[in-house]
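All remarks here apply to the structure that follows.
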Amino acid sequence: MEKVVCQTEVEIKNADGLHMRPAMQFVDIANRFDCDITVSNTENTVDGKSIMQMSMLAATCGTKLHIKAEGPDAGEAVEALRELVEDKMFDEPPPGQKKG
Amino acid sequence: MKFADFVCFEATIAELNSGDRDGVIAELVAALSRTGRLRKTDCTDIVKAIIKREQEGSTGMGKGIAVPHIKHASVKQVVAAVGKSKIGIDFSALDKQPVFSIILLVSPADNPDRHLQAMEKVFRHLQQERFRKFIRQAQTAEQIEDLLNEADDNPSLL
């Protein structure tokens, strides 16, 4: 079977960074796909489907993460995760726009 | 960041009295207040905020661990307390299993990066099966302090 590998770099844009709630959102979306998903910062590579491992990345605002997916639906997975991190910003405000 | 930078060892509760989530949260916040890390007058508000956060999404990550936490304007530094339950607490954990080891954190409202660094430290170790086993087996506040100090000294071993 052909192996599909897809990867991209994303930047954390919400002020509070990848704390537990965003990490949960990430893992929720990652688990909708069959492909294997890993996420790396400069130090660690972790399983994008594990909340414990994702929390360990502790990515602050401005941090760049490398998302890599391997499997039949890798392309869709990477795009969905990129959208969550960069476009939706985990439904949180960027720096300087603190809510209430 | 090291455990010793934010965990208040004097607030450790080696055997929690409460048998439910909200009671455990209140016990640990009260313990932090007794050591002076939290102002007594802020406790009610902090307990309420942590419970509200749990209701929005459980911090029971599975494997017997929960990490209830909140950002609160009353603290300037991250403060944390460790609690252990013999009977196991229903935290509505992801794996639906009871929680035996609880690490409760209160982080400053205006310093998200410090909060993330503390969480990174906590999860770096909690994802190690050996560390989870040791913390589960610890029976006294001293044993928990020793374990966390050992994790600070040899982060790769635990």
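The table for this structure:
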quantity: Residues of segment B:17-54 classified as within 15 Å of residue B:89 (Cβ to Cβ) and within 14 Å of another protein chain (Cβ to nearest Cβ), total; calculated: 2
quantity: Residue A:83 being away from chain B (no Cβ under 13 Å), within 11 Å of the chain's Cα centre (by Cα) and free of Cβ contacts under 8 Å to residues at least 40 places away in the same chain; calculated: yes
quantity: Unmet requirement for residue B:86, which otherwise passes all of (1) surrounded by 15 or more Cβ atoms within 10 Å (Cβ to Cβ); (2) at pLDDT 95 or above; calculated: (1)
quantity: Whichever residue in segment B:1-42 is in contact with a helix residue (DSSP H, G or I) (Cβ under 8 Å, 6 or more places away or on another chain) and hydroxyl-bearing (Ser, Thr, Tyr) and, among such residues, is farthest from residue B:139 (Cα to Cα); calculated: B:33
quantity: Of all residues in segment B:108-158 being among the charged types (D, E, K, R) and facing chain A (nearest Cβ under 8 Å), the one that is farthest from residue B:63 (Cα to Cα); calculated: B:113
quantity: Residue B:126 vs. criteria buried (at least 20 other Cβ atoms within 10 Å of the Cβ) and free of Cβ contacts under 8 Å to residues at least 12 places away in the same chain; calculated: no
quantity: Output for segment A:27-68, where each listed residue is part of a helix (DSSP H, G or I) and either more than 13 Å from every other protein chain (Cβ to nearest Cβ) or of a type in the set (Asp, Glu) (or both); calculated: A:28, A:29, A:30
quantity: Answer residue from segment A:1-26, given it is in contact (Cβ under 8 Å) with a residue 40 or more places away in the chain and assigned to a helix (DSSP H, G or I) and is farthest from the other protein chains (Cβ to nearest Cβ) among those; calculated: A:26
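Residue-by-condition table, conditions (1) within 22 Å of residue B:41 (Cα to Cα); (2) touching a Pro at 6+ places or on another chain (Cβ under 8 Å); (3) among the acidic types (Asp, Glu):
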position	(1), (2), (3)
B:63	no, no, no
B:67	no, no, no
B:74	yes, no, no
B:80	yes, no, no
B:84	no, no, no
B:97	no, no, no
B:104	yes, yes, no
B:107	yes, no, no
B:115	no, yes, no
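The values are calculated or read from the model by the stated rules, or taken from the named source; none is laboratory data. Remember, it's a predicted structure, so these values are computed and weren't measured experimentally. A quick note on method: Cβ atoms are made from the backbone with ideal geometry, for glycine too, and the neighbour counts reach across all protein chains shown.
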